Amino acid sequence: MTLKEVDSTNTFLKNILSNSKPVPDGTVIMAEHQYAGRGQRENTWLAEPGKNLTFSILLRPSFLSASQQFYLTCAVSMGVYDALYPLLRDSLKIKWPNDIYFGDSKLGGMLIENILQGSQIKHSVIGIGINVNQEIFAADAVNATSIKKILQKDYELKNILAEICNHIEGYYLHLKAGRLEFVRNMYLSRLYWLNEMRQFKSNGHNFEGTIINVKENGLLVVKQENGEQEYNLKEIEFLNK
Ligand code: BTN
């Protein structure tokens, strides 16, 4: 379903779910214009109307427990990655936990909101934003890029959407078949800054370290002078020079 205008496709899907309307598994809601798009860490997600992909997918991964939520992040990130790879090749990376990067610039991101029931995932609302044909970004979005900025060409949103959904389905089926570690290993192999000595910030201080792993629960493992440390999303910042 395509909406001309909505606050946020994630909020829209969550609202219809909480009104107990039957929503089929795999439903995709796409918006031409999101006027209150939401990002991670309570950020807003801005996208020029009609030029970008902003959509949400509903899944019911009842075969995953709440403690396995991170595998869904891996599957969705890899689905987006594989869909864009034929266009963008090896500069494409996944920045932990689920940003899509081209070189050092952000091309897209996702906001996965899981609705839990006990220790199971009841619904998963998977919101994805990819910058496609937008050429000008707000001054404060310093490292934002788009497919058009990279390849100097316009792309049909619906075609990219179809590729992304197909690839996500492929990875989702891997998870369903129990191949969780295969999916996590694919994700790891595409990770931005993996095994590279880089600068990070945590708890107000800067340090050098090397990302060596992302654990089953999604924690980032960074090796430093004084040993290995694990971080969640709010605890660490990547410092680009
Ligand atoms: C991020 O990088 O911070 C995540 C961005 C997620 C944006 C998408 S656009 C479609 C869906 N609806 C929202 O309100 N957010 C997600």
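Say a site is exposed when it is one of the GluC sites (Glu not before Pro), sits in a DSSP loop, and has at most 16 other Cβ atoms within 10 Å; what is then the longest site-free stretch of the chain? For GluC sites (Glu not before Pro) (loop position, at most 16 other Cβ atoms within 10 Å), the longest site-free span of the chain is 1-134. Entry note: region 72-183 has Rg to Rh equal to 1.00, where both radii use alpha-carbon atoms and Rh is the Kirkwood radius.
Here is the link list: 93/176; 106/234; 106/153; 95/149; 21/51. Which ones come out longer than 21 Å on Cα distance? Write down the numbers at each step before the final one.
On the way: 93/176 25 Å; 106/234 18 Å; 106/153 18 Å; 95/149 19 Å; 21/51 30 Å.
Flagged as over cut-off: 93/176; 21/51.
Share of carbon and sulfur in the accessible area of the chain stands at 48%, probe radius 1.4 Å.
Couplings for region 129-137, taken from phi via the Karplus curve 6.51 cos²θ - 1.76 cosθ + 1.60 with θ = phi - 60°, read x, 10, 7, 10, 9, 6, 10, 10, 10 Hz in order; Gly and Pro are left as x. How large is log10 of I(q)/I(0) for region 2-189 at q = 0.09, 0.11, 0.13, 0.19 Å⁻¹ when the intensity is taken from the Debye formula with one equal scatterer per alpha-carbon? Reported log10 I(q)/I(0), two decimals: -0.30, -0.45, -0.64, -1.40. Computed from the alpha carbon atoms alone, the convex hull of region 197-238 holds 61 Å³ per residue. Per residue, the chain exposes 49 Å² of solvent-accessible protein surface, assessed with a 1.4 angstrom probe and all protein chains in place.
For a straight C-alpha distance cut-off of 19 angstrom, the lysines reachable from residue 14 (same-chain residues fewer than eight places away being disregarded) are 4, 122. According to the calculation over all Cα-Cα pairs in region 106-240, the P(r) per 5 Å bin from zero is 2, 8, 12, 17, 18, 17, 16, 9, 3, 0 %.
The values are calculated or read from the model by the stated rules, or taken from the named source; none is laboratory data. Remember, it's a predicted structure, so these values are computed and weren't measured experimentally. Here the Cβ is made from the backbone with ideal geometry for all residues, glycine too, and neighbour counts use every protein chain on show. In case anyone asks, the SASA skips ligands and DNA or RNA and just uses the protein heavy atoms, side chains included. Shrake-Rupley method; radii C 1.70, N 1.55, O 1.52, S 1.80 Å.
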